[in-house]
Amino acid sequence: RNVHKAASTHKPNNNNIRSTKMALKTTKLIFYLLSPIITISDASATTKSQLRQLPEKVLVAYTTNKCDDLDKMEKVTTAIENGVNVLIWSFHAFVVERVVQHGSKSKLKLETKLNVTNYLSYRNTLRGMGHGDTFHLVSFGGWDGKHLPAGATPEELYAEFQSYNTQNHTLDDSFVLFDGIDWDLEGNDNLHHPNNEFTLECLNQMGVLSQLMKNNGYIVTTAPPESYLDITNVNFSRFVNLTYPEPWHREFQYHGHNVYAYILAKWNDAIDLVFVQFYESYSHAAFEVNVLEMNPSEFLVGYVHRLVSQGEGLNVCFESDPSTELNNQFVSLPLEKLVLGFANGWAVESNNSEDDEVKHVFFEKHAVESAYLELNDAQMTPRGFGFWVIEEEGKNDI
């Protein structure tokens with residue numbers, strides 16, 4: 001895992017996943033806080049004709065488990081047992097393959113390393129344990145991950161997703177593998193890589209595909225790093241190799257300027273959740289908490305209060321990029337969509353390294369609890385909380 005350069009740590013991880021029996025302390029706490037108001041639907045297999053609505057409050061977790069070995073699902077299972085009700089499987093990608101058969105032609109394909117047969121078996125195990133109501137989403141992107149292929153229409157992307165998601169794997173034809181998708185497209189360690197610019201085509205593919213998914217009953221979520229949807233910044237750019245204004249690590253050129261605001265401005269109704277990554281490298285959150293030594297709980301409360309004081313949204317100067325053909329405008333980010341995204345034990349480890357002393361922010365469980373209780377008293381609670389990543393649960397006893 002490259003956490004020295006990466007603006008986010010939502011990065012494809014091919015390392016062997018180490019098993020552990022450490023308790024999911026943070027997960028348990030968050031579930032405890034949300035449990036009085038969480039409502040879960042009683043559902044079994046997800047079907048095309050009966051796609052479900054998200055619960056009133058959510059606890060989101062990402063996993064990089066590929067279901068290669070069903071004996072190594074313990075951490076995922078424990079997370080669900082401790083309250084995770086939205087599980088996001090990372091990462092899938094759309095790719096274009098060159099097929100040579102009666103001439104050369106291109107074929108769109110959904111690429112994944114997930115062992116689908118084992119995944120289906122695991123889903124059946126969860127249903128047998130009484131956790132058939134967990135929502136399962138598939139995430140696209142990740143740090144250094146693929147963007148959407150140029151030239152593919154949203155309709156073609158949707159058709160390929162449907163073909164993959166509705167394939168008959170030992171179950172009836174109505175079964176779907178996933179309840180929806182998560183957008184986690186980010187930048188690249190190489191500052192000159194083309195994926196450090198979100199093309200207008202890619203953004204429109206994401207938006208129109210989100211609408212198609214929503215129109216057909218699927219859940220759609222986004223996971224912008226803090227700078228990709230920054231409620232303190234009115235600037236807009238499709239580039240994500242920029243710097244932050246704080247007088248701190250100005251050499252770090254992996255931030256964005258509200259690129260995800262474009263999607264919310266045009267397709268807000270198609271997005272169910274917005275998972276804001278506070279643990280982006282050298283984020284505002286890290287600067288305020290790690291450098292200015294703001295009380296972490298006060299930061300979280302202040303963030304939500306600011307969002308509410310701004311009318312639950314942010315003003316964005318889209319006219320700085322005429323290609324968007326958008327006027328400067330207010331972009332809605334209602335509390336009912338907001339998920340506060342936290343790091344678990346990996347952030348503590350990275351912050352203890354000599355050259356990354358304050359790179360990531362880590363919120364202790366008592367800070368999250370205090371912030372939630374204060375926001376609950378003020379009737380300003382977000383839709384929920386989430387964390388990256390299940391495979392790091394137990395690290396540093398967190």
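The values are calculated or read from the model by the stated rules, or taken from the named source; none is laboratory data. Note that the structure is a prediction, hence the values are computed from the model and not measured. Neighbour counts are summed over all protein chains in view; Cβ atoms, including those assigned to glycine, are modelled from backbone coordinates with ideal geometry. The protein model used for the area step is the full one, side chains on, heavy atoms only, and it has no ligands, DNA or RNA in it. Shrake-Rupley method; radii C 1.70, N 1.55, O 1.52, S 1.80 Å.
A few remarks follow.
- The figure for TRP248 is an accessible area of roughly 40 square angstrom, using a 1.4 Å probe on the protein chains alone.
- Alpha-carbon gyration tensor eigenvalues x 5, square-rooted, for segment 155-229, Å: 28, 13, 12
- Reduced Cα scattering model of segment 127-275, Debye log10 I(q)/I(0), q = 0.15 Å⁻¹: -0.81
- Of LYS214/LYS365; LYS75/LYS395; LYS66/LYS337, those spanning more than 23 Å from alpha-carbon to alpha-carbon: LYS214/LYS365; LYS66/LYS337
- The label point for HIS192 and the one for GLU364, both projected 7 Å from the Cα toward the Cβ, are 4.6 nm apart.
- Accessible surface of segment 246-391, 1.4 Å probe, proportion on carbon and sulfur as whole %: 44 percent
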